[in-house]
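Since the structure comes first, as structure tokens, the remarks are kept for the end.
What follows draws every value from the coordinates through simple rules; no lab data is involved. The shown structure was predicted, so the numbers you read here are calculated from the model rather than taken from an experiment. Here Cβ is always computed from backbone atoms with ideal geometry, including for glycine, and neighbour counts include all displayed protein chains.
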Amino acid sequence: MNNQVNFYNKARWDFEKAKNKAFFSRLLKTLFSQNDELLRFDEVKHLLAPHGMAYRGVKSIPLDKIVGSEGRYQDFDSNFLPIHEHNRQRWENIDVAHLKEITLPPIKVYKVGDFYFVRDGNHRVSVARQLGMEFIDAEITELFVKVPIQTEKLDQKSLLIAEGYRFFLEKTQIDKVVPGETFSLTNPWGYYRLVEHINTYKYLLEEKFCRAFSMQEAAKEWYQNLYRSVRDMIRKNKILKYFPGRTEGDLYIWIMDHWHYLKERYGPIDLIVAMEDYTRKFGKKSWWERLRSFFVRQKGEKRDEAQTGFDRR
């Protein structure tokens with residue numbers, strides 16, 4: 001009897017502790033304007049538009065890869081901590097079962113890329129995480145998406161990037177004409193810019209050859225004659241090191257925009273000149289390059305002062 005009472009007392013304490021952690025976590029994230037909500041499976045499904053699914057059976061999965069819920073996303077925060085009091089009884093009963101070493105049935109999840117969304121078993125996930133467990137048994141249904149989710153953490157930004165990539169592939173079909181090539185960007189709106197670039201290139205091709213081009217044809221020509229050339233220049237000149245955390249696709253967009261700006265302002269100019277100018281103005285320099293630039297500026301200022309003094313005489 002005493003053990004039974006102790007189990008329920010411990011479960012009540014665990015719930016209070018988890019609920020308090022959730023409160024302070026939400027408070028801090030509110031102060032720093034950070035999102036503390038679980039991802040909604042229906043929203044993720046809408047953004048990524050899966051084209052099929054398969055049952056994968058029961059396996060042990062990492063708890064830190066469970067990032068959302070199908071129907072209980074309002075009851076838990078992004079760390080699966082309980083938010084509302086109405087979660088208490090079910091949460092405590094599951095905690096008591098763990099304390100009594102009762103084996104619980106596997107949870108049910110959807111798998112999208114390397115991440116999981118709970119179909120059934122949200123409270124079991126919450127308790128397991130609060131108890132410091134790393135894995136949980138789950139019955140898995142995998143959803144197939146066209147765009148690979150290549151990120152350590154799934155959040156709203158990475159979902160928007162994946163949705164933008166899906167839009168880019170659907171509009172251009174470039175994955176069919178250039179198989180194996182990836183177009184990685186760090187800004188979701190960049191994919192819409194790439195579609196604009198290909199549409200513009202399509203228009204120029206039609207003007208030049210006096211015939212209609214499909215988006216697939218235009219995408220292939222754009223890739224072979226423009227994108228790949230700029231990408232190879234970026235690699236050859238090792239430009240990416242000046243833009244940490246960015247991609248070749250990001251730089252393609254920025255350098256092309258800068259090239260267009262320079263041509264509008266100064267007339268015809270080589271692409272390599274625009275690339276060097278963009279890197280010099282916006283790239284992150286090493287401490288040695290910053291130090292060198294400082295002394296060059298100092299030398300220039302002294303020369304200007306000396307010249308000004310001479311002119312006054």
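Given an 8 Å cut-off on Cα distances and at least 6 residues of separation, report the relative contact order of the chain as a percent. Relative contact order here is 14 percent. Given region 33-159 reduced to its alpha-carbon atoms as identical point scatterers, what log10 I(q)/I(0) does the Debye formula return at q = 0.13, 0.16, 0.19, 0.21 Å⁻¹? Scattering profile of region 33-159, log10 relative to I(0): -0.51, -0.77, -1.07, -1.28.
In region 156-282, Cα pairs under 8 Å separated by at least six residues give a relative contact order of 24 percent.
Counting other Cβ atoms within 10 Å, which trypsin sites (Lys or Arg not before Pro) in region 214-278 have at most 10 and lie in a DSSP loop?
Sites meeting the loop and neighbour criteria: Lys238.
Counting only Cβ charges, +1 for Lys and Arg and -1 for Asp and Glu, the dipole size of region 51-198 around its Cα centre is about 240 debye.
Checking understanding here: applying a Kyte-Doolittle mean of at least -1.0 and a length along the axis of at least 30 Å (C-alpha), which whole DSSP H helices in the chain pass? All intermediate terms of the calculation are to be shown ahead of the outcome.
On the way: long enough: 2-31 (44 Å, -0.93); 287-312 (38 Å, -1.57).
Correct list, ordered by number: 2-31.
Annotation: amide H-H contacts under 5 Å for Phe135 (H modelled 1.01 Å from N, sequence separation of 5 or more, or interchain): Leu63. Two numbers describe the Cα atoms of the chain: Rg and Dmax, which are 27.8, 103 Å. A 32 angstrom limit on the alpha carbon distance is what I want to check against. Which of Lys153/Lys202; Lys17/Lys111; Lys157/Lys236; Lys111/Lys281; Lys59/Lys220; Lys45/Lys176 exceed it? Listed pairs above 32 Å: Lys153/Lys202; Lys111/Lys281; Lys59/Lys220.
Our summary gives region 2-144 a relative contact order of 33 percent, counting only alpha carbon pairs under 8 angstrom and 6 or more residues apart. Could you tell me the center-to-center distance, by alpha carbons, between region 46-120 and region 162-232 in angstrom? If we compute the Cα centre of each part, the gap is 39 Å. Between the exposed loop cleavage positions of the chain, defined as GluC sites (Glu not before Pro) in a non-H, G, I, E, B DSSP state with at most 13 neighbouring beta-carbon atoms within 10 angstrom, the longest gap is 182-313.
In Å, the Kirkwood hydrodynamic radius of region 173-218 over pairs of distinct alpha carbons?
Every distinct Cα pair counted, the radius reaches 11.7 Å.
In a DSSP loop and with at most 15 other Cβ atoms within 10 Å, the chymotrypsin sites (Phe, Trp or Tyr not before Pro) in region 26-99 are Phe32. Translational diffusion of region 156-282, estimated by Stokes-Einstein from the Kirkwood radius over alpha carbon pairs at 25 °C in a medium of 0.890 mPa s, is 159 µm² per second.
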